[in-house]
1. Which whole-Hz ³J(HN,Hα) couplings does the stretch 486-500 yield from phi under the Karplus relation 6.51 cos²θ - 1.76 cosθ + 1.60, θ = phi - 60°, glycine and proline marked x?
2. Going toward the positive end of the dipole of the chain, with +1 on Lys and Arg Cβ and -1 on Asp and Glu Cβ, which of GLY447, ILE122, SER62 do you reach last?
3. Scan the chain and note any complete DSSP helix (H) whose C-alpha atoms cover at least 24 Å along its axis and whose Kyte-Doolittle average is -1.0 or more.
4. Might you report the magnitude of the Cβ-based charge dipole of the stretch 65-167 about its Cα centre, with Lys and Arg at +1 and Asp and Glu at -1, to the nearest 20 debye?
5. Using DSSP to define loop residues, name the trypsin sites (Lys or Arg not before Pro) in the stretch 306-352 whose beta-carbon has at most 13 other beta-carbon atoms within 10 Å.
6. Name the shape class, rounded, prolate or oblate, that the alpha-carbon gyration tensor gives for the chain, where a ≥ b ≥ c are the square roots of its eigenvalues, rounded holds for a/c under 1.5, and otherwise prolate holds if a/b is larger than b/c and oblate otherwise.
7. If each of LYS514 and GLN420 carries a label point 7 Å out from its Cα toward its Cβ, how far apart are those two points in nm?
8. Would you work out the relative contact order for the chain, in percent, from Cα pairs under 8 angstrom that are 6 or more residues apart?
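Here, each number is a calculation from the coordinates, and none is a lab measurement. Keep in mind that this is a model prediction, so the values were computed, not measured. Here the Cβ is made from the backbone with ideal geometry for all residues, glycine too, and neighbour counts use every protein chain on show.
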Amino acid sequence: MVYIMNNIVPSFKTVKQLLQGESFDIDEYQREYKWESKHINELLSDLSGKFKNNYHKTDETSAVSNYGEYFLGSIIVSKRNGKNYLIDGQQRVTSLTLLLIYLYRECKERSLETTGIIAPLIYSDNFGTQQFNIDIPERAAVIDALFNGTNFNPDGKPESVQTIYARYQDIIESCLAEEFNEGLPHFAYWLLNRVGLIEIATNNDNHAYAIFETMNDRGKPLSPVDMLKAYLLAPISDVEQRKMANTLWKREVLDLLSITGEQEEESTCIKAWLRAQYAETIRERKAGAIDKDWEQVGTVFHRWVRENSKRLQLGNQVNNLKWINHDFPFFAHAYKRIIAASTTYTLGLESVFYNAHNDFTWQPTVLLASLTPEDDDETVGRKIEATAIFLDIWIMRRVVNYIRVGYSTVSYAMYLLCKQIRRKPLDELITILITELANDNDCSFEGSVARSRKGMWDWCINQFSRRYIYHFLARITAFLEHGAGGADNFPDLIDRSRKNPFDIEHIISDSYEKFSNEYENAHSFQEWRNWVPALLLLPADVNRSLQAQPYEEKVKVYSGQNLLAASLSETPYVNRPQFRALRTEFDLKLEPLTVFKKEQMEERCQLLIDLANVIWSPTRLEKLRNQSKV
């Protein structure tokens, strides 16, 4: 690509140089922020890994100037009307902004000097008003709330705003600050001064879009997938077999790219396959440790395969053909099955959908671990189902105890789990998973005295818990509806694209003055009001109409809503034999409540614990074992 134009200026800029005193706008038609959990998690993992390869606990912060650099790629900027418009790169710049906000808040909490260095990269002072570096009006409220640490409810907001909020929660769950500990300022200095990208700037929109199209359409370098294919094809001397193998590989890659429309889906699949089936080592959890199998597969899998060819039994025509013609198609098909069940509620694979809704990025990797290319379709389905059920229970037990389950936080645990269940027969797999849950007695819905955890007795809405509480309420609601003879409406309950989506309803209206005689102070009132037994799911329009109503009026409306809400009224207890049978089967203390005070909330909490122990019971795995033997 050659441009002989004086107004096109490419330059390498560190994060600090790029964002210091600058703000970016984005054209209306390009404003969607689309990064998923897997994208932000991979960025954080790459940054963390690169930093750890340089950092030692004894380092002064001045040593960071000699740490290795990290390249984030390129962005294209068109300068017009006194503004910088991001033509390409807004996903990365937005994600960087979220990471900087997280670092700012963590450094501020620790009273670190780096707080003052980070702040100007997030916003600038525009005559006394904060102007954030991505200057988009619809995002201002969520960015302001995240930056200042104030409450923000993403429900009902534009999709990009909800995505920004969700990705920030992913960053919080990464626990980078806790992981780096005293190395946090070192990481901040490294990110600002040793991480950078190429900014291609022009004052001509036509030139900017021409560059964008050229960079994306022509002269693309070989991808890691291409390089892996070239390595695998190299020893195949039979021309016809080589041609057929190449055709099969390309077809599988195209199929993978088509399942979500995401770029690099084939890379994501291959990383999951190799980690699940072959990673034997992981970077030690100490400063200065080097990347091992688990990390290398995540960054340079094509090189890792070459370097481990002897262990993988590759390097000759017969074995390489088996990988291309048999193993790759098998795991690609299983991966596609997992992704399909992650986006479409599928009978028998509901737990895959649940874990995807909880944004558990490690799921495809872990679900591939127990498979072998000799498994038939039914066995593959059973193994995927069993492992997904385990993850569903494992995740929910943790989040109700405020234990983080983010990508980096549980990476080591998922590595160990993959090794433990790798290529196990179905019956042995289920035994391992049941044993793991039985030994996991420090995490339960009731909490753990030994670990000073209170479980659901202390589970309230906050930045970390909101999405999990939403998920929890949807599962409880769907269980009651389905168990009482209705449809399993979980997908509808969590569908944010609906014209009238479900929102979290606070049973107690937000007016401390009305309840001051019941609660010690306003803070205590909010804690009780935000406690999980004081919450429901209702359609957004119903939710809005009830906000200021007293309980006596609300419960009249609840009577015509889903069973979790209606159970507060007398309505569902009349002429509903299946609802009665459900209560009897699981000994559920469901009953109408004429008042809703502390005593009723405590009783309701025990009810939710009982329901949770049914819905997230390990007996689901035993039932699956018995079904497979029939």
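1. So the Karplus estimates, Gly and Pro as x, are x, 7, 7, 9, 3, x, 5, 5, 9, 7, 7, 8, 4, 4, 10 Hz.
2. The residue sitting most towards the positive pole is SER62.
3. Working: long enough: 90-109 (28 Å, -0.08); 239-260 (33 Å, -0.25); 377-399 (33 Å, 0.19); 466-483 (25 Å, -0.07); 598-615 (25 Å, -0.12).
The qualifying helices are 90-109, 239-260, 377-399, 466-483, 598-615.
4. Values: 10 positive and 11 negative charges, 36 e Å.
I would put it at about 180 debye.
5. Hits after loop and neighbour filter: LYS310, ARG311.
6. Working: a/c = 1.83, a/b = 1.21, b/c = 1.50.
It comes out oblate by the Cα gyration axes.
7. Taking the simple label geometry, LYS514 and GLN420 are separated by 4.8 nm.
8. Numbers: 830 pairs, mean separation 77.5, N = 630.
Relative CO of the chain lands at 12 percent.
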